[in-house]
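What follows is one structure encoded as structure tokens, with my remarks underneath.
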Amino acid sequence: MSEETTVLAEEKDQSAEPQKWQPSILAILCNWCSYAGADLAGSARMQYPETVRIVRVPCSGRTDPMFVLKGFQRGFDGVMVLGCHPGDCHYAKGNYYARRRIALTQDLLKSLGIAPERFHFEWVSASEGNRFAALINEFTHKLEELGPFDGVA
């Protein structure tokens with residue numbers, strides 16, 4: 001590396017502003033609706049934070065409460081599960097099973113001392129890319145108010 005390149009790199013480091021903290025979100029999405037909605041949001045270049053990590057599951061009914069707990073264990077500031085609207089599930093009743101599991105998950109998080117605001121469950125269809133982006137943005141703002149997740153209380 002030349003001396004001139006080194007000087008330019010040092011100037012760039014000094015002029016760069018510190019990065020503002022943004023919450024990291026684990027989004028567990030059903031393959032048929034919510035993931036397609038996320039894909040539509042991306043294709044349409046809708047704006048939402050890049051700190052979202054998506055895990056695609058065949059159906060929201062397949063979302064085990066341990067998936068959510070693992071998300072928090074791995075350092076995510078918030079976890080959301082998005083599935084098909086009731087009655088629109090590719091697997092007929094999967095989203096109804098998801099609703100039951102989510103209730104159990106919320107009770108589990110409460111018993112572990114994890115703020116309920118750090119977990120979100122919602123229905124998003126394949127045609128709702130704008131809704132997906134809006135939910136991510138809303139959840140991000142809520143997590144910014146809560147601050148970084150520092151572990152179980």
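Per-structure values
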item	result
Unmet requirement for residue 66, which otherwise passes all of (1) in contact with a Cys (Cβ under 9 Å, 6 or more places away or on another chain); (2) among the aliphatic types (A, V, I, L, M); (3) surrounded by fewer than 21 Cβ atoms within 10 Å (Cβ to Cβ)	(1)
Filter result for residue 92 (aliphatic (A, V, I, L, M) and either assigned to a loop (DSSP other than H, G, I, E, B) or in contact (Cβ under 8 Å) with a residue 60 or more places away in the chain (or both))	yes
Unique match (being touching a helix residue (DSSP H, G or I) at 6+ places or on another chain (Cβ under 9 Å), outside any helix (DSSP H, G or I), in contact (Cβ under 8 Å) with a residue 24 or more places away in the chain and not β-branched (Val, Ile, Thr)) among 49, 148	49
Residue tally, condition within 22 Å of residue 149 (Cα to Cα) and either in contact (Cβ under 8 Å) with a residue 12 or more places away in the chain or crowded, with 21+ Cβ neighbours inside 10 Å (or both), over region 115-132	7
Out of 126, 115, sole residue that is farther than 15 Å from residue 80 by Cα, touching a helix residue (DSSP H, G or I) at 6+ places or on another chain (Cβ under 7 Å) and either modelled with pLDDT of 95 or more or among the hydrophobic types (A, V, I, L, M, F, W, C) (or both)	126
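The values are calculated or read from the model by the stated rules, or taken from the named source; none is laboratory data. The structure presented is a predicted model; accordingly, all values stated were derived computationally and were not measured. Note: ideal-geometry Cβ built from the backbone for every residue, glycine included; neighbour counts use all protein chains shown.
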